[in-house]
1. Hey, can you list the DSSP H helices of the chain whose Cα span along the axis is 24 Å or longer and whose average Kyte-Doolittle score is at least 0.5?
2. Antiparallel versus total DSSP beta bridges in the range 2-233: what percent is that, nearest 5?
3. For the chain, what is the accessible area per residue in Å², given a 1.4 Å probe and the full set of protein chains?
4. Across the range 2-233, how large is the tail of the calculated P(r) beyond 21 Å, expressed as a percent of all Cα pairs?
5. Net charge near Asn84: determine it from the other residues with C-beta under 12 Å of the C-beta of Asn84, scoring Lys and Arg +1 and Asp and Glu -1.
6. Can you give me the long-range amide H partners of Leu130? Hydrogens built in the peptide plane at 1.01 Å from N, cutoff under 5 Å, separation of 5 or more residues or another chain.
7. Could you tell me the calculated FRET efficiency between Gln77 and Gln223, based on Cβ-Cβ distance and R0 = 45 angstrom, to the nearest 0.05?
8. Students often forget the sequence filter, so: which lysines lie under 23 Å Cα-Cα from Lys50 once same-chain residues fewer than 8 apart are removed?
Amino acid sequence: MRIIRTKDYAEASAVAAELMAAQITLKPDSVIGLATGSTPCGMYANLVEKCKNGLDFSAVTTVNLDEYVGLPAEHEQSYRKFMNTNLFDHVNIKPENTHLPNGMAEDPEAECVRYEALINSLGGVDMQLLGIGHNGHIGFNEPSDRFVCDTNCITLTARTIEANSRFFSSADEVPKRALSMGIRTILRAKRILLLITGTDKAEILKKAVYGPVTPEVPASILQMHPDVTLVADADALSAL
Ligand code: GLP
């Protein structure tokens, strides 16, 4: 794992955007795996600026990690809406080349199979962006006694619901389930860009990078991947 230490969130966002832009420049038809959450917002803002300055998304395809079950695309807190607002609406990507799991699918299990097949049909992910949850989740793969491999329907833990309730008017409104790429789906990406900032992520980052590889800390599986670049600010690295 390469570790790039930055002084703060702004620098981490800029560095992560540079790496993503380099991927797109080197392979204009890259398949990019994308993530949501507060952490990548600054990176997306940097990518929007880069697009204004010539970075070309016209041949890029994106696949997002996850989506809430039961939120329509136009819901303010759906991950589709998040992606449109933070990135897709401001760059020259073709809307039909942007993919997220369909949280409104009548049959969530069938939707997981469809999404997994879609990623395979695209030839896999060239660069996957990841954040980390406070409990070590990646995508929505929550701590468990086993690694869940393929795209699957996940029941969110109380901690994740609590963490994400800041975006809703109450914890009761946070969907209880989500569709998420599985651990094997994520690990099949050729490159992984892990972006982690803030003191509140310091302890879990330490466990993920230096602790045992265990499904109790899903992000620890990244120790097994041959090409991970961690971009983290000094706060996130403060426990190492
Ligand atoms: C969410 C997403 C993850 C994200 C994580 C951290 O639940 N499913 O993909 O990495 O939470 O989010 P944040 O960056 O807001 O801390």
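The values are calculated or read from the model by the stated rules, or taken from the named source; none is laboratory data. Being a predicted model, the structure only gives us computed values, none of them experimental. Neighbour counts are summed over all protein chains in view; Cβ atoms, including those assigned to glycine, are modelled from backbone coordinates with ideal geometry. For accessibility, only protein heavy atoms count, side chains too; no ligands or nucleic acids. Shrake-Rupley method; radii C 1.70, N 1.55, O 1.52, S 1.80 Å.
1. Qualifying helices: 9-26.
2. 30 percent
3. Per-residue accessible area for the chain comes out at 44 Å².
4. Cα-Cα pairs in the range 2-233 separated by more than 21 Å: 53 percent.
5. After counting each charged neighbour, the total is -1.
6. Leu193, Leu194, Leu195
7. For R0 = 45 Å, the calculated efficiency reads 0.90.
8. Lys7, Lys27, Lys81, Lys94
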